[in-house]
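This report refers to the structure that appears directly beneath it.
The values are calculated or read from the model by the stated rules, or taken from the named source; none is laboratory data. Given the structure is predicted, the values throughout are model-derived calculations rather than measurements. Positions of Cβ are generated from backbone atoms using ideal geometry, with glycine treated the same way; all protein chains shown enter the neighbour counts. For the accessible areas, the whole protein counts, side chains as well, though only heavy atoms, and no ligand, DNA or RNA atoms are used. Shrake-Rupley method; radii C 1.70, N 1.55, O 1.52, S 1.80 Å.
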Amino acid sequence: MTSILVKDGIIVTMDRDRRILSDHAVVIQDGRFRAIGKIDEITKDWKTDDVVDASGGIVMPGLVCSHTHLYGMLLRGAKLDVAPPSDFTQILQRIWWPVDESLTFDDAYASALVGCLEFLKTGTTTFADTYSGPNSIEGVLDRIASAVDEVGIRGLIAFEATERHSKEEGERGVEENVRFARKMRQEQRSKVMPLFSLHASFTVTNELIKSVRRLASDLAVPVTIHTSEGLGDLQHNMVRYGKRTVERLRDAGLLAPDVVLAHCVHVNDAELDIVAASGAKVAHNPMSNMLNAVGVAPVPSMLRRGITVGLGNDGYIFDGFENIRAAYLVHRVVSRDPNAIDPYTILEMATVRGAQLYGLDRELGSIEPGKQADLIVIKPDILPTPLSSDSVVGHLINTVDGDDVKTVIVDGRVVMRDRKILTADEDETQKKAQGAAAGLWERLRAAKPQVDVL
Ligand SMILES: [Zn+2]
């Protein structure tokens, strides 16, 4: 396997000591970071096959997207013939659930390819994806896994189990995750990892929650579930169970350190105390929450309680730096507190805390010898003020866009160099996705979208 020296540039390690280093270099060998040290000492001690010059730029771990739906990509720009939804439940009923039903295996593959491509091109090297498609269940995770492997990114992938239509639908969704988890264990693929996903508490029974809890523990696979994203979830649990969403999930036995609750917008202090006590984690999706007009998750309160929070895109804007900026800004505006969350913590949410969500922080999320070598080199196209170890965090929050990411290394392999993807044909990938999207939009226009009633 190739060895690589990444030198010059400001290295934002994201390690426990929050080290930011200049005049240093990183050595990568056999897929892992091997050494980090002063450039002159490192170049004396190590001879590598390849050199990545990061001078004038920033070196940091690849971003971790804690929650996404790769197939969400296919809806970008779509103009659908539906009555305009006026709240989040209607957004699901009129847009997303008909989309889920129209998805094919080929759509899953094509959207995964282009989603992985956009992730790499904007600096994300690991993501947690959940796919939802009641008419494309058995075997679909293999198609998504192929796309992940082809593009050369790292992904946790799951089928989103739901009992929206029937109990059987829920069981089939869970079974696909079990099949895939067993297969991944056998094949021991380093870049594709299994995940269990339950859609949301208002579309699953306690029975299904308990069954997933048992299976996830048996197979040692993390679990994710949308949690009080919109008010409908909370209302459902109050009416049916007399409990708030997090209380119900606790009472169903789900909450544990291997559980990632996506969103947690409509949660109160008592629920946050329950989350903190259980060790469950939260995936925060600020841009998606804005898009769906659901409100703002109380992330500062989560952080004060020591809850681990990662940053996700929920299938909306794939550029991690846009999501970083949104997370930085939204809590200021809603709290009217300019110190709502400090910039470095936002960067941790996008890297090492994201890895922590899925129990991957021993291997990923920071540049440290021994960890798997996922790294990005950023050279801002426009840099109006000096770049130094003092200014780099400010630049990452306020200056950098995904397009400024020039080189990406995943698992010790250069997958993008000078903005050119080396693993996949960018034009072909986009053509494939555009074809899939056009077909999906056509089917959606032709179908009379069904409105599911809770
Ligand atoms: Zn989601």
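Checking the condition within 16 Å of the ligand (Cβ to nearest atom) and closer than 26 Å to VAL192 by Cα, which residue from VAL309, VAL414 passes?
VAL309
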_With the structure loaded, tell me whether SER288 is over 20 Å from the mean Cα position of the chain (by Cα), in contact (Cβ under 8 Å) with a residue 24 or more places away in the chain and assigned to a helix (DSSP H, G or I) or whether it fails that test._
no
*Only helices (runs of 4 or more DSSP H) wholly contained in region 121-232 count here; list those with 1 or more residues that are away from the ligand (no atom under 15 Å from the Cβ), more than 20 Å from ALA108 (Cβ to Cβ) and hydrophobic (A, V, I, L, M, F, W, C).*
206-219
*Filtering region 239-263 down to residues that are away from the ligand (no atom under 16 Å from the Cβ), open to solvent by less than 50 Å² (accessible area, probe 1.4 Å) and not in a helix (DSSP H, G or I), which residue is nearest to THR68 (Cα to Cα)?*
ASP258
*at pLDDT below 95 and polar (S, T, N, Q): does that describe SER190?*
yes
_Residue among ILE341, ILE307, ILE317 that is open to solvent by 30 Å² or more (accessible area, probe 1.4 Å) and part of a loop (DSSP other than H, G, I, E, B)_ = ILE317
*asked:* Please go through region 16-45 and give me each residue that is open to solvent by 10 Å² or more (accessible area, probe 1.4 Å) and assigned to a loop (DSSP other than H, G, I, E, B), ordered by number.
replied: ARG16, ASP17, ARG18, ARG19, SER22, ASP23, ASP30
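Is one or more of the residues making up region 340-356 closer than 23 Å to LEU75 by Cα and either away from the ligand (no atom under 16 Å from the Cβ) or touching a strand residue (DSSP E or B) at 6+ places or on another chain (Cβ under 9 Å) (or both)?
So far as region 340-356 goes, no, none of its residues is closer than 23 Å to LEU75 by Cα and either away from the ligand (no atom under 16 Å from the Cβ) or touching a strand residue (DSSP E or B) at 6+ places or on another chain (Cβ under 9 Å) (or both).
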*List every residue pair whose Cβ atoms lie under 7 Å apart, where the two residues are 6 or more positions apart in sequence or sit on different chains, the first residue falls within region 78-93 and is closer than 20 Å to ALA437 by Cα, and the second residue, located anywhere, is assigned to a loop (DSSP other than H, G, I, E, B).*
VAL82/PRO449; ILE91/PRO85; ILE91/ASN292; GLN93/VAL451; GLN93/ASP452
*Output the number of the condition that GLY315 fails; it satisfies all remaining conditions of (1) within 16 Å of the ligand (Cβ to nearest atom); (2) touching a Phe, Trp or Tyr at 6+ places or on another chain (Cβ under 8 Å); (3) within 30 Å of ASP8 (Cα to Cα).*
(3)
*Hey, ILE209 hits all of (1) open to solvent by less than 20 Å² (accessible area, probe 1.4 Å); (2) more than 24 Å from PHE180 (Cα to Cα) but one; which does it fall short on?*
(2)
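For region 384-416, what are the residues that are more than 18 Å from GLY155 (Cα to Cα), open to solvent by 20 Å² or more (accessible area, probe 1.4 Å) and touching a residue at least 24 places away in the same chain (Cβ under 8 Å)?
Within region 384-416, LEU387, SER388, SER389, VAL393, GLY394, ASN398, ASP401, ASP403, LYS406 meet the criteria.
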_Inter-residue pairs, beta-carbon under 9 Å, first assigned to a loop (DSSP other than H, G, I, E, B) and open to solvent by 10 Å² or more (accessible area, probe 1.4 Å) and in region 46-75, second within 11 Å of the ligand (Cβ to nearest atom) and of a type in the set (S, T, N, Q), 6+ apart_ = HIS69/THR130; HIS69/SER132; HIS69/ASN313
